[in-house]
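Q: First, the structure itself, so that you have it in front of you.
We did not get these values from a lab; they are worked out from the coordinates using the rules stated. Everything numeric in this text was worked out from a predicted model, so none of it was measured. Here the Cβ positions follow ideal geometry from the backbone for every residue, glycine too, while neighbour counts run over all protein chains shown.
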Amino acid sequence: MKIVIVGCGKVGTSIATELNAEGHEIVVIDINHTAVTRLSDSIDAMGIEGNGATYETLDEAGARNADLVIAAAAKDEVNLYTCLMARACGCKNTIARVRNPEYTNDLYRVKDILGLSMFINPEMTAAGEISRLLRFSGALEIDSFSKGQVELIKVQVPENSLIAGRAISKIDILRGKVRICTVERGDEVFIPNGDFVIQSGDRVSVVSKPEIAAKFFRKASLNIGRSRDAIILGGGKISYYLAQRLLKAGISVKIIEQNAERCAELSETLHDAVIIHGDCMDQDLLLSEGIEHADGVVALMDYDEENILISMYIRNVSTAKIITKVNNAHFDMILDQLQLECVINPKKIAGEYIARYIRAVQNSLGSNVETLYRLHEDRVEALEFRVKKTSRVTNIPIAQLSLRDDLQIICIARKGKIILPTGADSILPDDSVVVITKHKGLSDLDDILSRR
């Protein structure tokens, strides 16, 4: 695909690097000569110095023939205007980076009018990733589906678990509300049927609503953990979004922020959070606020170096799950050596989300794939389909469908309701269906049927 990226800052660079690695033809635009040159040289792409929000510059970049224009400049208003102008140039697909929470909350009203294929808020996206890790602190990996209504949570099965040594069809815990959809055993990955026997040491991926999953893990003696309280170091945008999510999940939140004005803003908008005015690097302050007893600590200060250093200190005084924000990709080699528990790069996450969307567009060949996820080191794909009226799989009980081997229908979203289907359920037109499979390149929901 030919993709034009407007903005060569951290987000634009992360997106361009991610998409270039997947073989797309990239053109980058920025008003800053140095930024354009640095990025275009690093990924061997065409670079254009100019205002990417103007018709003339977009036309020079080939927007009229591009498959996608991504607006990732510093200002939300510029990004939205860029997408409008890209549409005027003839580009049918546009993505805008939008950081202002007020815009983010309202964009769904005008998404179609603006012609946006997608909009992404890197800070909000990062907050979502962090909140999932804190809600299930013992999880090995967490992915979300159906706009966050369902989650795929990977855990390791201990010897004392109630599901160890049992066939999946014999596991009665919360039947119909939880589904085991993949099992890793050694170097092998299985998409199990009902006869598959779970063993201790297996890494199983369970799909369910978040609140139901917590009950399942508890009853199955799977030590998934759950943070009851969290201390957030720094009061920026990610902290605001994260606090909102954690409070909604019933987790107590304390934010430490050095800027008094920002503390006042957070106090006005986050009524149930405790806001502390102080230096996050002050070890005495951290101890006095109970850092050693916290279930979760998230370092979200402005400077990577401070986040790294304070995380190393907290590791020595607390058993909390520690999540560290690091924006600079050049620190990756150092971070591996430091063995920090969990590192989050908001810019990289934004790039991965956009790349995931583009994979789905490319994979679908114009059909009905909405999103595509690659799991288990790309050995398994999870595809989310929008069901067409003409599909051959509709209005037939799933048990009567001749499905491919190594494939499961794991979730159906219907009019806001989530269904974990049994053989008696049927797929209906306009449903959203999530399929997990070891087969690559499915381009239509009908491809789930066996060719025999």
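Q: What is the local net charge at Lys177, summed over the other residues whose Cβ is closer than 12 Å to its Cβ (Lys, Arg +1; Asp, Glu -1)? Each step should come with its number before you reach the end.
A: Details: positive: Arg175, Arg179, Lys209, Lys215, Lys219; negative: Asp172, Glu211.
After counting each charged neighbour, the total is +3.
Q: Counting only helical runs of four or more DSSP H residues, what would the 222 nm mean residue ellipticity of the chain come to if each run contributes -39,500 (n - 2.57) and the total is spread over all its residues? Can you show the working numbers first?
A: On the way: 13 runs with 149 residues, N = 452.
When only DSSP H runs of four or more count, the value is -10000 deg cm²/dmol.
Q: Return Lys237, Lys440 ranked ascending by Cβ neighbour count within 10 Å, so the fewest neighbours appear first. Before the final figure, lay out the partial values.
A: Working: Lys237 18, Lys440 11.
The most exposed by this proxy come first: Lys440, Lys237.
Q: Given a cut-off of 28 Å, name the pairs among Lys177/Lys237; Lys215/Lys254; Lys154/Lys347; Lys248/Lys325 whose C-alpha atoms lie farther apart than that in the structure shown.
A: Numbers: Lys177/Lys237 34 Å; Lys215/Lys254 26 Å; Lys154/Lys347 24 Å; Lys248/Lys325 22 Å.
With Cα atoms farther than 28 Å apart: Lys177/Lys237.
Q: Shifting gears a bit: Can you tally the net charge around Leu266? Count Lys and Arg as +1, Asp and Glu as -1, for every other residue whose Cβ sits under 15 Å from the Cβ of Leu266.
A: Working: positive: Lys237, Arg245, Lys254, Arg262; negative: Glu123, Glu257, Glu261, Glu265, Glu268, Asp272.
Local net charge: -2.
Q: A further question on this structure: Determine the equivalent ellipsoid of the range 358-448 by diagonalising the alpha-carbon gyration tensor, then write out the semi-axes as square roots of 5 times the eigenvalues, largest first, rounded to whole Å.
A: Numbers: eigenvalues 77, 43, 31 Å².
Taking √(5λ) for each Cα gyration eigenvalue gives 20, 15, 12 Å.
Q: Same structure, new question: How big is the range 28-187 by the Kirkwood estimate over distinct Cα pairs, in Å?
A: Details: mean 1/r = 0.0516 Å⁻¹.
The answer is 19.4 Å.
Q: From the backbone phi of the range 110-119, what are the Karplus-calculated ³J(HN,Hα) couplings (6.51 cos²θ - 1.76 cosθ + 1.60, θ = phi - 60°) in whole Hz, Gly and Pro given as x?
A: Values per residue, Gly and Pro as x: 10, 4, 6, 4, 6, x, 7, 6, 6, 10 Hz.
Q: Here's something else I'd like to know. Show me, bin by bin at 5 Å from 0, the whole-percent P(r) of the range 138-219 based on Cα pairs.
A: With 5 Å bins starting at 0, P(r) equals 3, 15, 28, 30, 17, 6, 1.
Q: Ranked by Cβ crowding within 10 angstrom, fewest neighbours first, how are Lys325, Lys219, Lys248, Lys254 ordered? Mind showing how you got there, number by number?
A: Values: Lys325 25, Lys219 14, Lys248 10, Lys254 19.
Lowest count first: Lys248, Lys219, Lys254, Lys325.
Q: Let me check I've understood the local charge: for Ile419, count other residues with C-beta under 12 angstrom from its C-beta, Lys and Arg +1, Asp and Glu -1. What total comes out? Before the final figure, lay out the partial values.
A: Details: positive: Lys177, Arg179, Lys209, Arg414, Lys415, Lys417; negative: Asp425, Asp431.
Charge balance near Ile419 sits at +4.
Q: Can you report the principal axis dimensions of the range 2-120 using only the alpha carbons, biggest first, rounded to whole angstrom?
A: 39, 27, 26
Q: Also: Looking at the calculated P(r) for the range 75-130, what percent of the C-alpha pair distances fall above 16 Å? Each step should come with its number before you reach the end.
A: Working: 599 of 1540 pairs.
Here the long-distance tail beyond 16 Å is 39 percent of all Cα pairs in the range 75-130.
Q: While we're here: Return the long-range amide H neighbours of Ile48 (sequence gap of 5 or more, or a different chain), with a cut-off of under 5 Å between placed amide H atoms.
A: Val28, Ile29, Asp30
Q: Here is a further query. Determine the distance separating the Cα centre of the range 271-298 from the Cα centre of the range 172-248; give it in Å without decimals.
A: 27
Q: Can I ask one more? When the distances between all Cα atoms of the chain are binned every 10 Å from zero, what whole-number percent does each bin get?
A: Histogram of Cα-Cα distances, whole percents per bin: 4, 19, 27, 27, 18, 5, 0.
Q: Ok, one more. Order by neighbour count: Leu442, Leu152, fewest other Cβ atoms within 10 Å first, most last.
A: Details: Leu442 21, Leu152 24.
Listed from fewest to most nearby Cβ atoms, that is Leu442, Leu152.
Q: Considering the alpha-carbon set of the range 229-344 alone, what are its Rg and its Dmax in angstrom?
A: Values for the range 229-344 (Cα only, Rg and Dmax): 13.4, 41 Å.
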